[in-house]
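Colleague: Sending over a structure as structure tokens; questions will come in a sec.
The values are calculated or read from the model by the stated rules, or taken from the named source; none is laboratory data. Only a predicted model underlies this, so the values are computations on that prediction, with no experimental measurement involved. We place every Cβ from the backbone using ideal geometry, glycine too, and count neighbours over all the protein chains shown.
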């Protein structure tokens, strides 16, 4: 078996696992954040947990770029920049902005997150830098790349603004939850997840690669059921939670 055969098998496996996760998460919640609960083994505090989980997406992606074949090709370099902006923020900046006494992360959750990011970095970077067809420079003006770029950065901004709103709700030493207000929170309970789905839909379109679409499938499988679970949690927890606010998509659901 050569590496391309292995890559194709991994993509199919990745998509099959995403389908399983999508179904399972309608019946149970991943044990972190407001749904954290005992019984999943040793725990880590949130800041090191986030850094450990997300770091493979930085280091593995860079490693596969270094050992790849396309160090001077324009399109892979642009897409490398997109990826690194997101994951350097997620790995090095976001964890340091967290406030309050947040609930611990189960070591199992951290380990699964680390393995996911490692596999995801492999699927995306190896295609861009070695296994996929060479992107001509004209791809930068192709409608899929242009639209994908607009979606990627629009989703990035939505996600970061929504995360910042949540972080501001909690003062130093606080642990409870409050109703978020302002921006897209006036329309949906989880604009941070909406932004992330939009972002990786843009990535999949800009790359137009098996790894990109597999990443989008996993993002959707993980975040859509969780968004609806959080939406229900808000309604069960706060009697005055806005009745017309949707879970994920404004005016729809």
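Colleague: Among (1) under 27 Å from residue 69 (Cβ atoms); (2) assigned to a helix (DSSP H, G or I), there is one condition residue 156 misses while meeting the rest; what is its number?
Modeller: Of the numbered conditions (1) under 27 Å from residue 69 (Cβ atoms); (2) assigned to a helix (DSSP H, G or I), the odd one out for residue 156 is (1).
Colleague: Something else now. One residue is enough: does the range 165-186 have a residue meeting the conditions within 14 Å of the chain's Cα centre (by Cα), surrounded by 15 or more Cβ atoms within 10 Å (Cβ to Cβ) and at negative phi?
Modeller: no
Colleague: Residues in the range 159-180 that are within 30 Å of residue 78 (Cβ to Cβ) and in a loop (DSSP other than H, G, I, E, B): how many?
Modeller: Qualifying residue count for the region: 0.
Colleague: Shifting gears a bit: Are there any pairs with C-beta distances below 9 angstrom linking a residue in the range 61-79 that is on the phi < 0 side of the Ramachandran plot and in contact (Cβ under 8 Å) with a residue 24 or more places away in the chain to a residue that is outside any helix (DSSP H, G or I) and surrounded by 16 or more Cβ atoms within 10 Å (Cβ to Cβ), with the two at least 6 apart or on different chains, and if so which?
Modeller: Correct list of pairs: 70/135; 73/135; 74/135; 75/135; 76/68; 76/70; 76/135; 79/135.
Colleague: If you don't mind, another one. Where in the range 43-100 are the helices (runs of 4 or more DSSP H), entirely inside, with at least 1 residues that are over 23 Å from residue 165 (Cα atoms) and touching a helix residue (DSSP H, G or I) at 6+ places or on another chain (Cβ under 6 Å)? Even if it seems obvious, please write down each step before you answer.
Modeller: Values: elements: 46-66, 74-88, 94-97.
Helices (runs of 4 or more DSSP H) meeting the threshold: 46-66, 74-88.
Colleague: Which pairs do you get when a residue that is in contact (Cβ under 8 Å) with a residue 60 or more places away in the chain and at positive phi, found in the range 121-135, comes within reach of a residue that is assigned to a loop (DSSP other than H, G, I, E, B) and surrounded by 23 or more Cβ atoms within 10 Å (Cβ to Cβ), reach meaning Cβ atoms under 6 angstrom, with the pair 6+ apart or on two chains?
Modeller: none
Colleague: I need a count of the residues in the range 199-232 that are in contact with a helix residue (DSSP H, G or I) (Cβ under 6 Å, 6 or more places away or on another chain) and within 18 Å of residue 36 (Cα to Cα).
Modeller: 2
Colleague: Within the group 241, 185, 193, which residue is out of contact with any strand residue (DSSP E or B) (no Cβ under 9 Å at 6 or more places or on another chain), part of a helix (DSSP H, G or I), over 24 Å from residue 82 (Cβ atoms) and modelled with pLDDT of 95 or more? Walk me through how you get there before you give the answer.
Modeller: On the way: 241 fails: part of a helix (DSSP H, G or I); 193 fails: over 24 Å from residue 82 (Cβ atoms).
Answer to the selection: 185.
Colleague: Could you grab me the full set of residues in the range 4-32 that are surrounded by 15 or more Cβ atoms within 10 Å (Cβ to Cβ), out of contact with any strand residue (DSSP E or B) (no Cβ under 7 Å at 6 or more places or on another chain) and closer than 13 Å to residue 222 by Cβ?
Modeller: 14, 17, 18, 21, 22, 25, 29, 30, listed by residue number.
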